[in-house]
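Here is the structure we will look at, set down as structure tokens.
The values are calculated or read from the model by the stated rules, or taken from the named source; none is laboratory data. Everything quoted here is computed from the prediction, not taken from an experiment. No Cβ is skipped: glycine too gets one built from the backbone with ideal geometry, and neighbour counts run over all protein chains shown. Each accessible area value is taken on the protein alone, full model and side chains, heavy atoms only, with ligands, DNA and RNA left out. Shrake-Rupley method; radii C 1.70, N 1.55, O 1.52, S 1.80 Å.
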Amino acid sequence: MSSRIFGVLAVLLAAAAVVLTVSFLNAQPVLVETPAEAGSCVEELMDAACAGDYEKVSACLVGKPDLGLSAQPEGETGRQIWQAYQESLSWQPEGECYATDSGLAQKVILTGMEIPSVTANLGQRAQKLLTQRVEEARDLSQIYDENNEYREDFVMEVLSEAVADAIREDAVVSSQELVLNLAYSQGQWRVQPEQKLLSALSGGIAG
């Protein structure tokens, strides 16, 4: 009798083991402890992005890609807009680092100025300001050159003022959630250079 009971128990235990195995295969990975290096990598990358240190950002990404963001934009107005964007950036982690099928992930909230919101009506602003300055001018030699064309320094001054007005009055600052996927690469945790992240780092003008 006891041998029969033990036999039934053995079958039940075997069945339970199969069920548990299947359940664990279908379950999400559980992170017992967050590697300190992974958290440091996320912090390093996001701090560097908010400081405009794109060489450091690249070093925190898998493959260390050239982001093309280190060079200063051409023209004073481009630099104005880019500087305003960089100065607007801030970030904070959302929740804890968690395990995925391919490594680890960390959600972060990135807050910053949307560059297209500044450039959308910039042409109209500049034209309106240009007309206003011409109408108010007392010395036309400060506006027109010897060929009766607008002086370059005058045009650049007007455009710079229009950009400053657009940044102050038109700029939209928004927050977005980013999922940073980390992979263990060459003995270090690095963030995957995914398109949504790269687009966010460029203020929405790339991708």
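On the beta carbon distance between Val134 and Glu55, with R0 = 35 Å, the FRET formula returns roughly 0.20. Counting Cα-Cα pairs of the stretch 80-207 in 5 Å increments starting at 0 gives whole-percent bin shares of 2, 9, 15, 15, 12, 10, 9, 7, 6, 5, 4, 3, 2, 1. Surface composition of the stretch 88-207: carbon plus sulfur atoms hold 45% of the accessible area, using a 1.4 angstrom probe and ignoring ligands, DNA and RNA. Each residue, Glu146 and Ser199, gets one label point 7 Å from its Cα in the Cβ direction; the gap between the two is 5.2 nm. In this label model, Val179 and Tyr98 are separated by 0.9 nm, measuring between points 7 Å along each Cα→Cβ vector. Distance between the C-alpha centres of the stretch 155-184 and the stretch 47-67: 19 Å, rounded to the whole angstrom. Positive end of the dipole of the stretch 102-207 (Cβ unit charges, origin at the Cα centre): among Ile109, Ala137, Ser199, the Cα lying farthest that way belongs to Ile109. Here the relative contact order of the stretch 97-155, from alpha carbon pairs under 8 Å that lie six or more residues apart, stands at 15 percent.
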